[in-house]
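Scroll down for the structure; my scribbles are underneath it.
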Amino acid sequence: MPLCRFPFRPSTSSRRRYTSRKSEPTATGASFDFSIDPTYYQTTWFKIACAAAFLTVLWGIYRLRLHQIAQVFNARLGERTRIARELHDTLLQSFQALTLHLQVVDDLLPPGKAKERLEQTLERADQAIAEGRESIHDLRSSTTTTNDLAQAVRSVADELEGEGAPTFRLVVEGPARELHPILRDDVYRIAREALRNAFSHAQAHHIEAEISYGERLLRLRIRDDGCGIPAEVLAAGRSGHYGLNGMRERARQIGASLEIWSGGGSGTEIEFSVAGGIAYQKSSRRFRLPRLRGKAGAR
């Protein structure tokens, strides 16, 4: 802030003309200039310091939010692993032991209806155990067979494509990044639901998926040129179906943004975006080191 300069003209009745380096002669007296230094809170450096402090606080809040979300992800992953271990060591093992006992009984029974019924029961028990093992495997690992989101999206599209299906195009911007396992599963399910809606209900001719691996943001867009979603369904979902609401809930749980634009006859576009500090596996691991800084079914 520049110095404040003030003129000072003393009142006098004398007609003498004064001369000075810092004065201007007048008919009534001399004029002197003096200045007052600004207070510290009026200086430029103080305003810059306040702005820097404010930005630092915002950055700290952002980093804290990333840390909190990373902790939630790690807790969810640990809880899934614990549940899978408990199911394997208790319930699944008990069912396996029970089937072995029933197998012994089956070997002792003579041929007849009772033996046939018991063998049918054993077959169903084997099927239930196999399904239980598959569920435990899904709990302990990701629901996708690859960490490449683009490959997973392509696999979903290949699964949904059939005779008379709309054409599908996949666009990837930036090098693929490894995603956090929990977030990867949620993104995969959101993409699958969006693609399923587009292929099954949009009556579209073209469907496009776009994945953008930005340094600060992971973005997934899925758009079609179909019939669009009615406004009331877009707002609250269709009664008895939870696809749109489920997508919004998943995005909200992981601190992501989900936007849906649609209109009658103008198609639909779904945009999912999440901060790179949350999405990418490398960032999530950094938060776990204590030394560093301790972030709708159908229409």
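The values are calculated or read from the model by the stated rules, or taken from the named source; none is laboratory data. What you see is a predicted model, and the numbers here were worked out from it, not measured in a lab. All Cβ positions, even for glycine, are placed from backbone atoms using ideal geometry, and neighbour counts span all protein chains on display.
Name every residue in the range 85-141 that is acidic (Asp, Glu) and either outside any helix (DSSP H, G or I) or closer than 25 Å to residue 186 by Cα (or both), in order of residue number.
Selection gives 86, 131, 134, 138.
Cβ contacts < 8 Å: first residue among the polar types (S, T, N, Q), restricted to the range 203-214; second residue surrounded by fewer than 18 Cβ atoms within 10 Å (Cβ to Cβ) and part of a loop (DSSP other than H, G, I, E, B), any location; separation 6+ or different chain. Result?
Within 8 Å, the pairs are 212/174.
When the residues of the range 50-74 are filtered to those that are hydrophobic (A, V, I, L, M, F, W, C) and modelled with pLDDT under 75, which remaining residue is nearest to residue 182 (Cα to Cα)?
Restricting to residues being hydrophobic (A, V, I, L, M, F, W, C) and modelled with pLDDT under 75, the top hit is 73.
Among the residues of the range 254-284 satisfying the criterion of being of a type in the set (S, T, N, Q) and under 12 Å from the mean Cα position of the chain (by Cα), which is surrounded by the fewest Cβ atoms within 10 Å (Cβ to Cβ)?
Per the criteria, the residue is 257.
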